[in-house]
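Trainee: Handing you this structure, nothing more for now.
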Amino acid sequence: MKNNIKRRDFIKRSAMAGVGIAVGSVALAEEVKQKLRTPAKPVPAVKPMEKVRIGYVGVGGMGTAHVANILKIKGAELVAVCDIIEDRVKRAQDMAMKAGQPKPEGYFKNEHDFKRLCQREDIDLVYNATPWEWHVPICLEAMNNGKHTATEVPAAYTIDDCWKLVETSENTGKHCIMMENCNYDKVEMMILNMVKKGLFGELLHAQCGYLHDLRAVKHDMNGEGVWRRAHSMQRNGDLYPTHGLGPIMQCMDINRGNYFDYLVSFGSKTRGLHLYAENKFGIDSPQAKEKFVLSDIVTTLLKTMTGETIVLTHDTSSPRPYSRDILVQGTKGIVRKYPEPKIFIEQEGKPHVWDKADEYMKQYKHPIWVELEEESKGAGHGGMDYIEDYRLINALLKGVEPDMDVYDAAVMSAVCELSALSIADNGKPMKFPDFTRGMWKKKRELMVM
């Protein structure tokens, strides 16, 4: 119990400190446009590795799932584990030994013990699955100590922190990867495969988002509610854009011949979390007296440099089924994923009638899923978590470019603050900073293809 209270106090303090930075950033609207003027310096090709030695920071639910994946991947070795809760560290250590690996070193002295982990000489890659406000400090510490780094989403939630990740990755020559697992979803990867084969023609428009009822999660003081609720109390924007936007970015070649030009965001009323607290805990409860600023539904419109449009939705405070609202539309057809995968391709079906995606899956299942579907069975989120871990570790083992890079992490994460700035200024269009400094204009291969 003592350990739990200590953890709650720590995470609540750090969450409030982090969101305070985001609120203050509204005054920095003119400064977020463009920071670096020097040419981009992508991470050079790394030498192939015989094994990838990993330090993992944050082994709660998601972190533990990643650890389980890592222990199954040939060529990956878990060297060290860090968490503010000692029992979690011990759990990860036991998992490693049960998998036949040496006992990884444990770090759990305090909230900054990850720095000691990052200073080790026997680590190649530092993963982290911590609360959002710790993503950037851990990534920076890892890169500045000569390690590649991979973080859960979003990589950052201020423009300034996005620039810090880009600049540090370029200056150290170390990869900074945001682990967007939805890029590896089976249906999303089929859609990507079909897009690249031209079945939908020239792309025109897409929809995507994160529509997930998190009211109970945000009020769970034994879980993510310890830190996640604070963001809903202090920030009004799209807090979690990457699950929907990641797969759409790949379809539209963002950072690889295309880029986001600008966005406009709007927020609805703020009702859901307060009503949930009243119904769950009572009108006179402390929870019912808490104040939230996050709009129940945040809608963002994005325009790309080559003319495509995207509607992005964030909806985590209302009763609804889960969805990422995936839809891709082109000159020859359209595909959607929710509530069930449906496809319409002109000349291939009846006019005005959706076809089920099952038949297309047989023909257009992505080669990565053909290769790894059996191996990924039992892993989180239908196997896509395993595939994202496998792909990163395999890239380092082979010395090839990872599927995602620091520029992908930055431009996706930038939506967090840009959407908040737009809402705060009555829907004012917000220009995306060019984290690539023009490098996006050069077409380059999407590694998953």
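The values are calculated or read from the model by the stated rules, or taken from the named source; none is laboratory data. Every value quoted in this text rests on a predicted model; they were computed, and no experiment measured them. Quick reminder, even Gly has a Cβ in these numbers, built from the backbone with ideal geometry, and neighbours come from all protein chains shown.
Trainee: Say whether the condition of being surrounded by fewer than 23 Cβ atoms within 10 Å (Cβ to Cβ), in the same structural domain as P241 (by TED's automatic domain parsing), closer than 18 Å to H135 by Cβ and of a type in the set (A, V, I, L, M) is met by at least one residue in the range 207-229.
Mentor: Yes - at least one qualifying residue is present in the range 207-229.
Trainee: Of everything in the range 272-304, what is surrounded by fewer than 19 Cβ atoms within 10 Å (Cβ to Cβ), in contact with a helix residue (DSSP H, G or I) (Cβ under 8 Å, 6 or more places away or on another chain) and closer than 30 Å to G201 by Cα? Give them in sequence order.
Mentor: Answer for the range 272-304, where residues must be surrounded by fewer than 19 Cβ atoms within 10 Å (Cβ to Cβ), in contact with a helix residue (DSSP H, G or I) (Cβ under 8 Å, 6 or more places away or on another chain) and closer than 30 Å to G201 by Cα: there is none.
Trainee: Tell me yes or no: at least one residue of the range 386-402 is of a type in the set (K, R) and either surrounded by fewer than 17 Cβ atoms within 10 Å (Cβ to Cβ) or in the same structural domain as E50 (by TED's automatic domain parsing) (or both).
Mentor: Yes, the conditions are met somewhere in the range 386-402.
Trainee: With the structure loaded, tell me whether M233 is touching a residue at least 12 places away in the same chain (Cβ under 8 Å), surrounded by fewer than 20 Cβ atoms within 10 Å (Cβ to Cβ) and part of a helix (DSSP H, G or I) or whether it fails that test.
Mentor: Yes; evaluated as a whole, the condition is true for this residue.
Trainee: Would you confirm whether any residue within the range 260-270 is buried (at least 17 other Cβ atoms within 10 Å of the Cβ), in contact (Cβ under 8 Å) with a residue 60 or more places away in the chain and part of a loop (DSSP other than H, G, I, E, B)?
Mentor: Within the range 260-270 (the criterion being buried (at least 17 other Cβ atoms within 10 Å of the Cβ), in contact (Cβ under 8 Å) with a residue 60 or more places away in the chain and part of a loop (DSSP other than H, G, I, E, B)), the answer is no, since none of the residues qualifies.
Trainee: Okay, moving on. So which residues in the range 155-180 are closer than 22 Å to D403 by Cβ, of a type in the set (S, T, N, Q) and surrounded by fewer than 24 Cβ atoms within 10 Å (Cβ to Cβ), if there are any at all?
Mentor: Result: T168, T172.
Trainee: If you don't mind, another one. Can you tell me which of V298, V328, V311 is modelled with pLDDT of 95 or more, under 19 Å from R215 (Cβ atoms) and in contact with a strand residue (DSSP E or B) (Cβ under 6 Å, 6 or more places away or on another chain)?
Mentor: Residue meeting the stated conditions: V298.
Trainee: Considering only residues that are in contact (Cβ under 8 Å) with a residue 40 or more places away in the chain and not in a loop (DSSP other than H, G, I, E, B), which ones fall in the range 62-93?
Mentor: Initial filter on the range 62-93 (in contact (Cβ under 8 Å) with a residue 40 or more places away in the chain): 62-63, 65-66, 68-70, 72-73, 75-76, 79-80, 84-87.
Across the range 62-93, the qualifying residues are M62, G63, A65, H66, A68, N69, I70, A76, V79, A80, E86, D87.
Trainee: Within the range 143-154, work out how many residues are free of Cβ contacts under 8 Å to residues at least 40 places away in the same chain, buried (at least 21 other Cβ atoms within 10 Å of the Cβ) and either on the phi > 0 side of the Ramachandran plot or not polar (S, T, N, Q) (or both).
Mentor: Residues meeting the conditions: 1.
Trainee: Hey, which of the helices (runs of 4 or more DSSP H) in the range 327-415, taking only ones fully inside, have at least 1 residues that are of a type in the set (A, V, I, L, M, F, W, C) and farther than 16 Å from I191 by Cβ? Give the steps one after another, and end with the answer.
Mentor: Details: elements: 358-364, 367-376, 384-398.
Correct list: 367-376, 384-398.
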